[in-house]
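K.L.:
Starting off with a structure, shown below.
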Amino acid sequence: MRFTPILDEFGTYPFVRLDEARRETAARGIQVIDFGMGDPNEATEAFIREAVAASLPERCKYPRAIGLLELRRAIAEWCEKRYGVPVDSEHEVIPTYGSKEAIFTFAQVVDLSPPKNLVLVADPAYPVPERGARFAGAEVLRLPLTEANGFLPDIDAVTAETWQRVALLWVNYPNNPTGAVAPLSFFERLAELAVEHDFLLCSDEAYSEIYFDERPPSALQVPNRRNVVVFNTLSKRSSMPGYRSGFVVSSREVIDALRLLRPTLGTTPQEFIQLASIKAWRDELHVESTRERYRAKREIMAAALERAGLRVAGSQATFFLWIAVPAGETSEGFAKRLLDSGIVVAPGAYLGEHGEGYVRMALVPTLEECGQAAALLERLL
Ligand SMILES: Cc1ncc(COP(=O)(O)O)c(C=O)c1O
């Protein structure tokens, strides 16, 4: 049997390795508190769960790839309310099966023939944009996110020749893993470059609603969003990771192309999930309480880290804390040391070469578990 060499090249998805290490530690009888994966663990609001139950039909036919119009309307209205940007629910929205599949498959909709076969991604980063690009046959260039640059890529370091070859540029703010937020001027500059050099600016905004002071801007707010593609999801804002419900909003040309591709993929959410999603996009109260819960956990953990002499970098938004590793240790070594005392964090190096020197703590355990982890941390260091 012959499999694509790209599978070997990427190896095991890093978080599968992390999960194995967590299980081994638990098997040794150590109680583990898992801040490793960014898998939200908050209860989904009753009104959303009830909407799923109430929407379950006797017969459940294939959902159509275009998505329910009522859901597209709810998404368009949400974008207008949140960002003050008009979005056409008929032509500019497509509901997706969470955002991961939409991000992974997006490279398949663009022409990646050379010389315009380059996809720019960040490092460290959520690995899916890079993997999607590679499986679609693109060449990938990683742009470092460094603390000195506020964890934004250094756009000036990209040469004019490189821009000419770019088909897609992926950005993700508020950022996983660094928690950094990008100003609107950053999106404006990139959107201008996208028009100038004819590439698509893909903005993964999965954490747009997990903020603690100012509301983060969206790439949708740029003056000319013709080349902008925004991905968002209910997984984080509405604590619905297992429901699989997200969206792509873009210009009509992009959405038309996706409407040609996506019926083959069969990745639209089930209609009972789409119907419950309408309710989730139309309610902000539950999102406010979600933010408050993350804020409480953040305060406990940030204070404990500080008392333990650890420095938190970035981390303005999202439910991640990006923690600088003590001098002389690697991110994997430090994560191992924390794991031995029952605290699971993700080594920054798992998220890219430039993640070395940091570990990522996802504030997904309960508030009570955060309290226990805070006590463990103080004893450890
Ligand atoms: C940066 C980022 N984008 C997208 C996603 C995908 O989320 P979902 O597929 O649940 O919508 C995640 C999930 O962890 C993420 O961290």
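K.L.:
For region 1-87, list the helices (runs of 4 or more DSSP H) that sit wholly inside it and hold at least 1 residues that are among the acidic types (Asp, Glu) and open to solvent by less than 50 Å² (accessible area, probe 1.4 Å); which are they?
P.N.:
14-27
K.L.:
Can you list the helices (runs of 4 or more DSSP H) found entirely within region 195-297 that contain at least 1 residues being under 20 Å from GLY84 (Cβ atoms) and within 14 Å of the ligand (Cβ to nearest atom)?
P.N.:
Ranges flagged: 234-237, 271-281.
K.L.:
Write out, first by first residue and then by second, each pair whose Cβ atoms fall under 7 Å of each other, whose residues are 6+ apart or on separate chains, and whose first residue, in region 77-106, is on the phi > 0 side of the Ramachandran plot while the second is among the basic types (Lys, Arg) and within 14 Å of the ligand (Cβ to nearest atom).
P.N.:
Correct list of pairs: GLY98/ARG244.
K.L.:
Just one of ALA182, ALA191 is outside the structural domain of ARG293 (by TED's automatic domain parsing), crowded, with 18+ Cβ neighbours inside 10 Å and part of a loop (DSSP other than H, G, I, E, B); which is it?
P.N.:
The match here is ALA182.
K.L.:
A further question on this structure: So is GLU58 of a type outside the set (Val, Ile, Thr) and within 16 Å of the ligand (Cβ to nearest atom) or not?
P.N.:
Judged against the criteria, GLU58 is not a match.
K.L.:
Which fully enclosed strands (runs of 3 or more DSSP E) of region 93-164 have 1 or more residues being open to solvent by 10 Å² or more (accessible area, probe 1.4 Å) and within 23 Å of VAL249 (Cα to Cα)?
P.N.:
Correct list: 118-123.
The values are calculated or read from the model by the stated rules, or taken from the named source; none is laboratory data. Note that the structure is predicted; figures quoted are calculated from it, not measured. So basically every Cβ, Gly included, is an ideal-geometry build from the backbone, and we count neighbours across all protein chains shown. SASA here: full protein model, heavy atoms, side chains in, ligands and nucleic acids out. Shrake-Rupley method; radii C 1.70, N 1.55, O 1.52, S 1.80 Å.
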